[in-house]
1. Expressed as a rounded percentage, what relative contact order does chain A have, with Cα pairs under 8 Å and six or more residues apart?
2. Can you give the relative contact order of chain B as a percent, counting alpha carbon pairs under 8 Å and 6+ residues apart?
3. Where a ≥ b ≥ c are the square roots of the eigenvalues of the C-alpha gyration tensor, would you call the range B:234-297 rounded, which needs a/c under 1.5, or, failing that, prolate if a/b is larger than b/c, or oblate?
4. Quantify how strongly other chains surround peptide B:140-149 by giving the mean number of their Cβ atoms within 10 Å of each of its Cβ atoms.
5. On a 0 to 90 degree scale, rounded to 10, what angle separates helix A:61-72 from the longest Cα axis of chain A?
6. Can you give me the Rg/Rh ratio for the protein assembly as shown, using Cα atoms for both radii and the Kirkwood formula for Rh?
7. Build a GNM of chain B with springs between Cα atoms under 10 Å: which of B:D116, B:D182, B:D225 gets the top mean-square fluctuation?
8. Arrange B:R77, B:R334 by Cβ neighbour counts within 10 Å, fewest through most, would you?
Amino acid sequence: MTDWLTPDEWRAVALSLRVSFWAMAISMPFGILVAYALARWNFWGKQMVNGIVHLPLILPPVVTGYLLLVTFGRKGVVGQLLFDWFGIVLAFRWTGAALAAAVMAFPLMVRAIRLAIEAVDPRLEEAAATLGANKPMVFATVTLPLILPGIIAGAILAFAKAMGEFGATITFVSNIPGQTQTLPSAIYTFLQVPGAEAQAQAMRLVLVAVAIAMAALMLSEWVSRAVARRISAS
Amino acid sequence: MTLSVVVTHRFGVFTLEAAFEAPPGVTALYGRSGSGKTSVVNAVAGLLRPDAGRIALNGEVLFDSSTGLCLPPNRRRIGYVFQDGRLFPHLTVRQNLTYGRHFAPRSSRQAAGTFDRIVGLLGIGALLDRRPGTLSGGEKARVAIGRAILSNPQILLMDEPLAALDEARKAEILPYLERLRDDLELPILYVSHAMSEVARLATTVVLMEAGRVVAAGPTAQVLADPATAPNLGLREAGALLTARVVGQDDDGLTRLDGPAGPLWLPRLDAPLGAVVRVRVLAQDVMLSLTRPEGFSALNMLPATVQDIRMGDGPGALLRLKVGDEILLARITRRSVDALRLVPGLAIFAVLKAVSVAQENVGGGG
């Protein structure tokens, strides 16, 4: 099984899974918060926030990667603070790859969750309030369970986007084998090398990518259907 | 246990300006759609913040615009039964029922066995493990009532809890509500635009029109006031008689002991001795100067004319004293003239037994 892929290839696959998982996990609470704010609150600069969240969807990924580098690089405004205060370095590390993937996937996650929140009947939340639940409890016991399918859909979308993220990642954290060389970066690298062996390597990784994508999609379909069934009828 | 409400609120061109007191028992907010009933209830619940006013429950101030106090809904200890039920779709019936229990103050937890008692009272024991999506309208309404009661509230707000139901379901649930009223020591604010519900359930009526309270008081008194009849709609006008069931006759009639002698009505499912209140519609009452002979109507009540109110159209509304109680009669002005009816005149009020619909007879209280 393990010799089906070379150690380098395995590392790329494992790294991609790790980066995508953390990109999804870390951005989820922020995604729920921002989606809730956009769906329910009226505040000054709402359109601005909405625009910034959606920017990575529209900008060329290279631009996003470059902006990340400028901001979170060792010499960047935030990057310097992170290093000085916490000793955290993001540039050219797998954590940086996760950040890039999270930023790129964020708009998709927010959109999915926001749609789910907008579909929740506020009258149910009023009913919970009259039964004695305060705002956080209303959210935890009524809103959150009702938007769970949306959160799952958003998480899967974010995971899929993170798996496929290439441009921003390679710009921000480069393409270091074992460190920042994700699945797409590895495929790209093999494709640059002439010869049948490299082509075969690329093809094997392409098949892995297709398999992971299909598995993620089917899992998401199954989970959201199971949750929706619990929530609606029966 | 008294609720006192004084609120003013502007919605565009509509102004709500309501003030009333709700003593213990069932207080019905009655009026047409759009008269502001639901807004009043929402203000009591804390879902609507009025422009000005004061709302207090048992002396505890829930809202006071002069001090800027406005308790959020979750701190008002109210049980709200919404018109549309609003059961949580992701929870089972049992979880819906116990939802409010988690938030009730520890000191005021309901006694053990309350859950079983309420579930029994509402007849929803078989539904506990089902989800709201699979319930019928009547079942949903009963679960919503149970959920509100089990949150251990200090007052129950019911916003047309039966509006979404057909007549058969209403008839099924009204007895439950009567039992709640009589069994629980809980004031209930009951919104309705159905006079038959109000007449059956309410101890106090607050009559609303276009955002204002036009009449308020004990149900029998408000319903027997000819002055408020136009607000009820003339076809809905009718007074309440209290009567006691004294016999079930073989031919399908129930004999009652009324305020002025016997009263026969179509069969009532009530035990002997039960006190019921019967709503007699003004338009079903005929008047006669002498006791009619050879006449099909069964009920002939000796009465005295108290007041005659001529309408703008051909009709007149008369208030009659029957024993200690009041009856309204609507007849034509022509008949008033022909019979020379004047206040103080002794006459007979004639009522066909079959004209009293089952829905107009309710448990006493």
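1. Normalised by residue count, the contact order of chain A is 29 percent.
2. Computed over chain B, the figure is 16 percent.
3. The shape class here is oblate.
4. For peptide B:140-149, the averaged partner shielding equals 1.
5. The answer is roughly 80 degrees.
6. 1.19
7. Evaluated over chain B, the most mobile residue of the options is B:D116.
8. Taking fewest neighbouring Cβ atoms as first place, the list is B:R334, B:R77.
Where a number appears in this text, it was derived from the coordinates with a stated rule and is not lab data. All figures in this text were calculated on a predicted structure; none of them were measured in a lab. Glycine gets a Cβ as well: all are built from the backbone with ideal geometry, and neighbour counts include every protein chain shown.
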